[in-house]
Amino acid sequence: MPARSSSAFSLDDQVVLDHVAQRLSQKFAEHFSAETVREVLDDSYLVLAATARVRAHLYVLAERFAAERLEATSATQGTRVKTRPEVLFVCVHNAGRSQMAAALLDHHAAGGVQVRSAGSAPTDSINPAVVEALEELGLDVSKEFPKPLTDEVVRASDVVITMGCGDACPVYPGRRYLNWELDDPAGQPVEVVRGIRDDIDRRVQELLRELV
């Protein structure tokens with residue numbers, strides 16, 4: 001990915017990102033140089049900043065997003081041994097269908113599957129009706145956030161499931177690609193979102209039986 005100039009950040013940004021980069025560098029020291037970690041972190045911060053409505057937690061989100069990308073890259077480079085299948089859910093905004101699918105699969109798999117989600121055009125927050133529908137099942141996604149689709153997470157995935165992102169998702173040999181035709185919960189009341197949630201839940205449980 002392209003290197004980011006330090007001029008893209010304010011002095012306060014650079015100070016905080018320095019501390020975040022130190023933590024990530026320690027976590028991924030076995031796989032990546034400190035320079036690579038910082039490059040991914042800077043890129044992640046700027047990508048999220050472009051869509052973030054509230055910047056208060058942007059550093060935290062950038063750290064989580066960068067860690068996910070580094071984790072995925074370590075798998076594709078062969079420096080991390082895969083011990084479980086990896087599934088990626090993709091929709092347009094990563095605010096509804098893909099977030100529900102990821103939360104439900106993570107719940108049912110109980111740690112047995114590495115689950116990620118992303119959006120081809122992510123929005124700034126998760127659909128409140130989606131949050132409510134998942135809370136009814138005891139699933140808390142309040143700390144999740146829409147993330148852009150990146151090459152690293154597609155390459156790392158064994159199964160890529162699209163839900164309306166069209167041709168925006170890149171295709172690589174050796175991955176299994178599925179497309180789930182689902183109604184979009186955007187703008188729908190929670191009563192409608194419940195039906196979409198339940199449809200996704202049935203598909204997720206069927207997928208899990210195939211994976212295990």
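The values are calculated or read from the model by the stated rules, or taken from the named source; none is laboratory data. This structure is a prediction, so every number in the text was calculated from the model and none was measured. Note: ideal-geometry Cβ built from the backbone for every residue, glycine included; neighbour counts use all protein chains shown.
Here are 54, 60, 47: which of them is under 22 Å from residue 13 (Cα atoms), touching a strand residue (DSSP E or B) at 6+ places or on another chain (Cβ under 9 Å), at pLDDT below 95 and assigned by TED's automatic domain parsing to the domain that holds residue 12?
Details: 54 fails: touching a strand residue (DSSP E or B) at 6+ places or on another chain (Cβ under 9 Å); 60 fails: touching a strand residue (DSSP E or B) at 6+ places or on another chain (Cβ under 9 Å).
Just one listed residue meets the conditions, 47.
Residues in segment 96-118: is at least one surrounded by fewer than 20 Cβ atoms within 10 Å (Cβ to Cβ), touching a residue at least 12 places away in the same chain (Cβ under 8 Å), assigned to a loop (DSSP other than H, G, I, E, B) and in contact with a His (Cβ under 7 Å, 6 or more places away or on another chain)?
no
Please work out if residue 116 is assigned by TED's automatic domain parsing to the domain that holds residue 202, in contact with a Gly (Cβ under 8 Å, 6 or more places away or on another chain), among the basic types (Lys, Arg) and at pLDDT 95 or above. Walk me through how you get there before you give the answer.
Numbers: assigned by TED's automatic domain parsing to the domain that holds residue 202: yes; in contact with a Gly (Cβ under 8 Å, 6 or more places away or on another chain): no; among the basic types (Lys, Arg): yes; at pLDDT 95 or above: yes.
The answer is no for residue 116.
Taking into account only those residues within segment 130-184 that are of a type in the set (S, T, N, Q) and touching a residue at least 40 places away in the same chain (Cβ under 8 Å), which is surrounded by the most Cβ atoms within 10 Å (Cβ to Cβ)? Spell out how you get there, then give the answer.
If we filter segment 130-184 for residues that are of a type in the set (S, T, N, Q), which is where we start, we get 142, 150, 157, 162, 179.
From what's left, touching a residue at least 40 places away in the same chain (Cβ under 8 Å): 150, 157, 162.
Numbers: 150: 22, 157: 26, 162: 23.
Here the answer is 157.
Confirm whether residue 159 is touching a strand residue (DSSP E or B) at 6+ places or on another chain (Cβ under 8 Å), in the same structural domain as residue 103 (by TED's automatic domain parsing) and modelled with pLDDT of 95 or more.
Numbers: touching a strand residue (DSSP E or B) at 6+ places or on another chain (Cβ under 8 Å): yes; in the same structural domain as residue 103 (by TED's automatic domain parsing): yes; modelled with pLDDT of 95 or more: yes.
It is true that residue 159 is touching a strand residue (DSSP E or B) at 6+ places or on another chain (Cβ under 8 Å), in the same structural domain as residue 103 (by TED's automatic domain parsing) and modelled with pLDDT of 95 or more.
How many residues does segment 185-207 hold that are surrounded by fewer than 16 Cβ atoms within 10 Å (Cβ to Cβ) and at negative phi?
Filtering segment 185-207 for residues surrounded by fewer than 16 Cβ atoms within 10 Å (Cβ to Cβ) gives 187, 189, 191-192, 195, 198, 202, 205-206.
Cutting the leftovers down to at negative phi gives us 189, 191-192, 195, 198, 202, 205-206.
Adding up the residues that qualify gives 8.
Check whether at least one residue in segment 79-89 is over 16 Å from residue 153 (Cα atoms) and touching a residue at least 12 places away in the same chain (Cβ under 8 Å), and report yes or no. Talk me through it step by step, then tell me what you get.
Kept after step one, since they are over 16 Å from residue 153 (Cα atoms), are these residues of segment 79-89: 83.
Add one more test, that the residue is touching a residue at least 12 places away in the same chain (Cβ under 8 Å), and what stays is none.
Within segment 79-89, not a single residue is over 16 Å from residue 153 (Cα atoms) and touching a residue at least 12 places away in the same chain (Cβ under 8 Å).
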